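Reading through the structure tokens given below for one structure.
The values are calculated or read from the model by the stated rules, or taken from the named source; none is laboratory data. Everything numeric here is computed off the predicted structure, so don't read it as measured data. Cβ placement follows ideal geometry from the backbone for every residue including glycine, while neighbour counts extend to all protein chains displayed.
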Amino acid sequence: SEEFWGTEPRRLINKYYSKHHDVVTDRFTIDTGIHTEAICRCWKSKKFPFCDNSHKYHNKFHKDNVGPLTLKRP
Ligand code: FES
């Protein structure tokens, strides 16, 4: 809805999900056939789909708290 998303680009950023965390990351142990990988969820990584820590600049600039999804091999 317009109320939820707003019209300013900054308001398109995560505004509600886990805002009480400094950085939102989720970790799963799953057999992906690869060793531990951090998957980008901010869409700013130059190594997409892998995290290159660009989320740190994104979070600081946009006052967001998105972090990667980390997949770890069992
Ligand atoms: Fe996008 Fe880390 S660079 S989550």
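What to note about this one:
- In the stretch 37-66, residue surrounded by the fewest Cβ atoms within 10 Å (Cβ to Cβ) [restricted to those that are within 6 Å of the ligand (Cβ to nearest atom) and assigned to a helix (DSSP H, G or I)]: Ser54
- Flag for Tyr16 being of a type in the set (Phe, Trp, Tyr), surrounded by fewer than 12 Cβ atoms within 10 Å (Cβ to Cβ) and at pLDDT below 75: yes
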